[in-house]
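Asker: One structure, pasted below without further comment.
The values are calculated or read from the model by the stated rules, or taken from the named source; none is laboratory data. All figures in this text were calculated on a predicted structure; none of them were measured in a lab. Ideal geometry is used to build each Cβ from the backbone, glycine not excepted, and the neighbour counts take in all protein chains shown.
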Amino acid sequence: MGIPGSGLAKGLAVTLRTMTKRTVTEQYPDVQPELPSRTRGVIGLFEENCTVCMLCARECPDWCIYIDSHKETVPPAAPGGRERSRNVLDRFAIDFSLCMYCGICIEVCPFDALFWSPEFEYAETDIHELTHERDKLREWMWTVPEPPPLDPGAEQPKEIAAAQKAADKLAAQQAKEAEEAAAAQQAESGQAGEAPQAKDAGEEA
Ligand code: SF4
Ligand code: SF4
(Lines give C-alpha, C1' and ligand atoms only; values in the text may rest on other atoms or scores of the structure.)
(Ligands and ions follow the chains in the order given, each with its own letter.)
Protein backbone atom coordinates (compact mmCIF):
# COMPACT_ATOMS: atom_id res chain seq x y z
CA MET A 1 0.00 0.00 0.00
CA GLY A 2 1.43 3.39 -0.97
CA ILE A 3 1.91 6.39 1.25
CA PRO A 4 -1.32 8.37 1.57
CA GLY A 5 -1.24 11.43 -0.71
CA SER A 6 1.61 10.08 -2.93
CA GLY A 7 -0.71 9.91 -5.95
CA LEU A 8 -1.59 13.57 -5.51
CA ALA A 9 2.09 14.49 -5.23
CA LYS A 10 2.91 12.53 -8.41
CA GLY A 11 0.10 14.25 -10.25
CA LEU A 12 1.30 17.68 -9.11
CA ALA A 13 4.85 16.81 -10.16
CA VAL A 14 3.61 15.95 -13.69
CA THR A 15 1.68 19.24 -13.78
CA LEU A 16 4.72 21.23 -12.68
CA ARG A 17 6.98 19.47 -15.20
CA THR A 18 4.56 20.16 -18.06
CA MET A 19 4.08 23.79 -17.04
CA THR A 20 7.77 24.51 -17.48
CA LYS A 21 7.99 22.92 -20.97
CA ARG A 22 7.43 24.79 -24.25
CA THR A 23 3.83 24.46 -25.46
CA VAL A 24 3.50 22.36 -28.60
CA THR A 25 -0.29 22.39 -28.89
CA GLU A 26 -1.56 24.63 -31.69
CA GLN A 27 -4.76 26.51 -30.95
CA TYR A 28 -6.31 25.67 -34.34
CA PRO A 29 -8.74 26.97 -35.67
CA ASP A 30 -8.27 30.15 -33.59
CA VAL A 31 -4.63 30.27 -34.66
CA GLN A 32 -3.62 29.06 -38.11
CA PRO A 33 -0.75 26.57 -38.08
CA GLU A 34 2.52 27.54 -39.73
CA LEU A 35 2.99 24.78 -42.27
CA PRO A 36 6.12 24.04 -44.26
CA SER A 37 5.86 25.33 -47.83
CA ARG A 38 6.07 21.77 -49.22
CA THR A 39 3.04 20.59 -47.23
CA ARG A 40 0.76 18.27 -49.23
CA GLY A 41 -2.56 19.97 -48.68
CA VAL A 42 -4.38 20.02 -52.01
CA ILE A 43 -3.47 19.80 -55.69
CA GLY A 44 -3.67 22.82 -57.99
CA LEU A 45 -4.03 22.55 -61.77
CA PHE A 46 -2.32 25.01 -64.11
CA GLU A 47 -4.39 23.99 -67.10
CA GLU A 48 -2.52 26.10 -69.65
CA ASN A 49 0.33 23.62 -69.24
CA CYS A 50 -1.84 20.51 -69.51
CA THR A 51 -1.60 18.73 -72.86
CA VAL A 52 -4.11 16.03 -71.85
CA CYS A 53 -1.40 13.39 -72.10
CA MET A 54 -3.29 11.34 -69.45
CA LEU A 55 -0.09 10.26 -67.69
CA CYS A 56 -1.29 11.50 -64.30
CA ALA A 57 -4.63 9.67 -64.60
CA ARG A 58 -2.89 6.46 -65.69
CA GLU A 59 -0.30 6.53 -62.93
CA CYS A 60 -2.64 7.52 -60.09
CA PRO A 61 -2.82 4.43 -57.84
CA ASP A 62 -6.33 5.36 -56.69
CA TRP A 63 -7.78 6.14 -60.13
CA CYS A 64 -9.18 9.34 -58.73
CA ILE A 65 -8.23 11.70 -61.58
CA TYR A 66 -10.98 12.12 -64.19
CA ILE A 67 -10.05 13.66 -67.54
CA ASP A 68 -12.25 14.20 -70.61
CA SER A 69 -11.04 15.77 -73.81
CA HIS A 70 -11.72 16.06 -77.52
CA LYS A 71 -9.52 16.58 -80.55
CA GLU A 72 -9.43 19.77 -82.56
CA THR A 73 -7.72 20.49 -85.85
CA VAL A 74 -5.37 23.45 -85.78
CA PRO A 75 -4.64 25.27 -89.05
CA PRO A 76 -1.02 25.13 -90.26
CA ALA A 77 1.34 27.63 -88.65
CA ALA A 78 2.70 28.69 -92.05
CA PRO A 79 1.07 28.64 -95.51
CA GLY A 80 1.58 25.26 -97.19
CA GLY A 81 2.11 23.54 -93.82
CA ARG A 82 0.14 20.60 -92.52
CA GLU A 83 -2.86 20.84 -90.25
CA ARG A 84 -2.23 19.54 -86.76
CA SER A 85 -4.61 18.01 -84.28
CA ARG A 86 -4.47 18.80 -80.58
CA ASN A 87 -6.28 17.65 -77.48
CA VAL A 88 -8.61 20.11 -75.83
CA LEU A 89 -9.42 19.63 -72.17
CA ASP A 90 -13.13 19.27 -71.37
CA ARG A 91 -12.94 18.02 -67.83
CA PHE A 92 -10.20 17.63 -65.21
CA ALA A 93 -11.26 16.58 -61.74
CA ILE A 94 -9.62 15.02 -58.71
CA ASP A 95 -11.63 13.12 -56.12
CA PHE A 96 -9.97 14.04 -52.83
CA SER A 97 -12.13 11.53 -50.96
CA LEU A 98 -10.04 8.82 -52.70
CA CYS A 99 -6.72 10.63 -53.09
CA MET A 100 -3.98 9.36 -50.78
CA TYR A 101 -1.72 12.38 -51.33
CA CYS A 102 1.12 10.27 -52.71
CA GLY A 103 2.10 13.00 -55.18
CA ILE A 104 2.71 10.58 -58.07
CA CYS A 105 0.51 12.63 -60.42
CA ILE A 106 2.61 15.72 -59.72
CA GLU A 107 5.87 13.82 -60.15
CA VAL A 108 4.92 12.22 -63.46
CA CYS A 109 3.35 15.26 -65.13
CA PRO A 110 5.86 16.07 -67.88
CA PHE A 111 4.48 19.59 -68.42
CA ASP A 112 4.36 21.00 -64.87
CA ALA A 113 0.61 21.34 -64.80
CA LEU A 114 0.05 20.02 -61.27
CA PHE A 115 1.35 21.52 -58.01
CA TRP A 116 1.00 21.00 -54.28
CA SER A 117 -0.67 23.71 -52.27
CA PRO A 118 -0.47 23.68 -48.45
CA GLU A 119 -4.19 24.58 -48.17
CA PHE A 120 -6.05 21.95 -46.19
CA GLU A 121 -9.34 23.55 -45.14
CA TYR A 122 -11.70 21.97 -47.62
CA ALA A 123 -13.61 19.47 -45.50
CA GLU A 124 -17.17 18.87 -46.70
CA THR A 125 -20.29 17.35 -45.21
CA ASP A 126 -21.17 15.80 -48.58
CA ILE A 127 -18.50 13.41 -49.93
CA HIS A 128 -19.37 14.29 -53.53
CA GLU A 129 -18.18 17.84 -52.89
CA LEU A 130 -14.68 16.45 -52.44
CA THR A 131 -14.43 15.92 -56.19
CA HIS A 132 -12.83 19.18 -57.25
CA GLU A 133 -13.49 20.12 -60.86
CA ARG A 134 -11.05 22.08 -63.01
CA ASP A 135 -12.25 25.55 -61.92
CA LYS A 136 -11.71 24.69 -58.29
CA LEU A 137 -8.36 23.05 -59.05
CA ARG A 138 -7.35 26.23 -60.84
CA GLU A 139 -8.35 28.30 -57.79
CA TRP A 140 -5.95 26.24 -55.70
CA MET A 141 -3.15 27.28 -58.04
CA TRP A 142 -3.21 30.78 -56.53
CA THR A 143 -2.36 29.27 -53.14
CA VAL A 144 0.72 27.40 -54.38
CA PRO A 145 3.78 28.92 -52.69
CA GLU A 146 6.51 30.50 -54.75
CA PRO A 147 9.44 28.21 -55.50
CA PRO A 148 12.53 28.84 -53.36
CA PRO A 149 14.95 31.43 -54.75
CA LEU A 150 17.35 30.24 -57.42
CA ASP A 151 21.05 29.82 -56.91
CA PRO A 152 22.99 32.70 -58.45
CA GLY A 153 23.60 32.00 -62.13
CA ALA A 154 21.00 29.20 -62.35
CA GLU A 155 18.71 28.94 -65.37
CA GLN A 156 15.14 30.19 -65.01
CA PRO A 157 12.85 27.26 -64.13
CA LYS A 158 10.85 26.03 -67.10
CA GLU A 159 7.53 26.41 -65.27
CA ILE A 160 8.13 30.15 -64.86
CA ALA A 161 9.09 30.49 -68.50
CA ALA A 162 5.99 28.49 -69.47
CA ALA A 163 3.75 30.59 -67.20
CA GLN A 164 5.23 33.78 -68.65
CA LYS A 165 4.64 32.46 -72.17
CA ALA A 166 1.02 31.59 -71.33
CA ALA A 167 0.45 35.02 -69.75
CA ASP A 168 2.01 36.78 -72.77
CA LYS A 169 -0.14 34.73 -75.15
CA LEU A 170 -3.29 35.57 -73.19
CA ALA A 171 -2.37 39.28 -73.07
CA ALA A 172 -1.70 39.30 -76.84
CA GLN A 173 -5.02 37.57 -77.52
CA GLN A 174 -6.90 40.03 -75.30
CA ALA A 175 -5.15 42.99 -76.99
CA LYS A 176 -6.07 41.60 -80.43
CA GLU A 177 -9.71 41.13 -79.39
CA ALA A 178 -9.85 44.67 -77.99
CA GLU A 179 -8.33 46.03 -81.23
CA GLU A 180 -10.86 44.15 -83.37
CA ALA A 181 -13.75 45.36 -81.19
CA ALA A 182 -12.52 48.98 -81.45
CA ALA A 183 -12.15 48.67 -85.25
CA ALA A 184 -15.66 47.21 -85.56
CA GLN A 185 -17.07 50.02 -83.40
CA GLN A 186 -15.26 52.63 -85.50
CA ALA A 187 -16.60 51.11 -88.73
CA GLU A 188 -20.13 51.12 -87.31
CA SER A 189 -19.97 54.76 -86.23
CA GLY A 190 -18.49 55.67 -89.68
CA GLN A 191 -21.46 54.05 -91.45
CA ALA A 192 -23.90 55.83 -89.17
CA GLY A 193 -22.24 59.21 -90.00
CA GLU A 194 -22.32 58.59 -93.77
CA ALA A 195 -26.04 57.75 -93.96
CA PRO A 196 -27.40 61.29 -93.15
CA GLN A 197 -24.90 62.85 -95.63
CA ALA A 198 -26.16 60.60 -98.39
CA LYS A 199 -29.73 61.62 -97.51
CA ASP A 200 -28.81 65.36 -97.67
CA ALA A 201 -27.17 64.86 -101.09
CA GLY A 202 -30.37 63.23 -102.38
CA GLU A 203 -32.55 66.14 -101.17
CA GLU A 204 -30.27 68.77 -102.82
CA ALA A 205 -30.51 66.97 -106.20
S1 SF4 B 1 -1.73 12.42 -55.11
FE2 SF4 B 1 -1.64 10.23 -55.65
S3 SF4 B 1 -3.67 9.45 -55.18
FE4 SF4 B 1 -3.85 11.68 -55.21
S5 SF4 B 1 -4.50 12.17 -57.29
FE6 SF4 B 1 -2.26 12.26 -57.27
S7 SF4 B 1 -1.58 10.21 -57.89
FE8 SF4 B 1 -3.74 10.05 -57.31
S1 SF4 C 1 0.17 14.47 -66.70
FE2 SF4 C 1 0.12 16.70 -66.68
S3 SF4 C 1 -0.12 17.28 -68.85
FE4 SF4 C 1 -0.64 15.09 -68.68
S5 SF4 C 1 -2.88 15.09 -68.40
FE6 SF4 C 1 -1.95 15.07 -66.35
S7 SF4 C 1 -1.86 17.24 -65.77
FE8 SF4 C 1 -2.19 17.17 -67.97
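Asker: For LEU89, only one of the following conditions fails: (1) touching a residue at least 40 places away in the same chain (Cβ under 8 Å); (2) closer than 20 Å to PHE120 by Cβ. What is its number?
Answerer: (2)
Asker: May I ask you to verify whether GLU155 is in a helix (DSSP H, G or I) and without any contact (Cβ under 8 Å) to a residue 60 or more places away in the chain? Reasoning before the result, please.
Answerer: On the way: in a helix (DSSP H, G or I): no; without any contact (Cβ under 8 Å) to a residue 60 or more places away in the chain: yes.
Taking the combined requirement at face value, the residue does not satisfy it.
Asker: Determine if the range 134-144 includes at least one residue that is farther than 30 Å from VAL31 by Cβ and either within 16 Å of ligand 1 (Cβ to nearest atom) or without any contact (Cβ under 8 Å) to a residue 40 or more places away in the chain (or both). Show your work before the answer.
Answerer: So in the range 134-144, the residues farther than 30 Å from VAL31 by Cβ come out as 134-135.
Checking which are either within 16 Å of ligand 1 (Cβ to nearest atom) or without any contact (Cβ under 8 Å) to a residue 40 or more places away in the chain (or both) leaves us with 134-135.
Yes, the range 134-144 contains a residue that is farther than 30 Å from VAL31 by Cβ and either within 16 Å of ligand 1 (Cβ to nearest atom) or without any contact (Cβ under 8 Å) to a residue 40 or more places away in the chain (or both).
Asker: Is there a residue in the range 96-113 that is part of a strand (DSSP E or B) and surrounded by 13 or more Cβ atoms within 10 Å (Cβ to Cβ)?
Answerer: Initial filter on the range 96-113 (part of a strand (DSSP E or B)): none.
No, the range 96-113 contains no residue that is part of a strand (DSSP E or B) and surrounded by 13 or more Cβ atoms within 10 Å (Cβ to Cβ).
Asker: Checking the structure you have, find out if any residue of the range 67-76 is within 18 Å of the chain's Cα centre (by Cα), in contact (Cβ under 8 Å) with a residue 40 or more places away in the chain and outside the structural domain of LEU170 (by TED's automatic domain parsing). Quick ask: steps written out before the conclusion?
Answerer: Just the residues of the range 67-76 that are within 18 Å of the chain's Cα centre (by Cα), to begin with: 67-68.
Next, from what is left, pick out any that are in contact (Cβ under 8 Å) with a residue 40 or more places away in the chain: none.
No, the conditions are met nowhere in the range 67-76.
Asker: Examine the range 26-46 for a residue that is in the same structural domain as PHE115 (by TED's automatic domain parsing), near ligand 2 (Cβ under 9 Å from one of its atoms) and surrounded by 11 or more Cβ atoms within 10 Å (Cβ to Cβ), and state whether such a residue exists.
Answerer: Yes, the range 26-46 contains at least one residue that is in the same structural domain as PHE115 (by TED's automatic domain parsing), near ligand 2 (Cβ under 9 Å from one of its atoms) and surrounded by 11 or more Cβ atoms within 10 Å (Cβ to Cβ).
Asker: Follow-up. Can you pull out every residue in the range 114-128 that is among the aliphatic types (A, V, I, L, M) and part of a loop (DSSP other than H, G, I, E, B)?
Answerer: Our first condition is that a residue be among the aliphatic types (A, V, I, L, M); within the range 114-128, this holds for 114, 123, 127.
Selection gives ALA123 alone.
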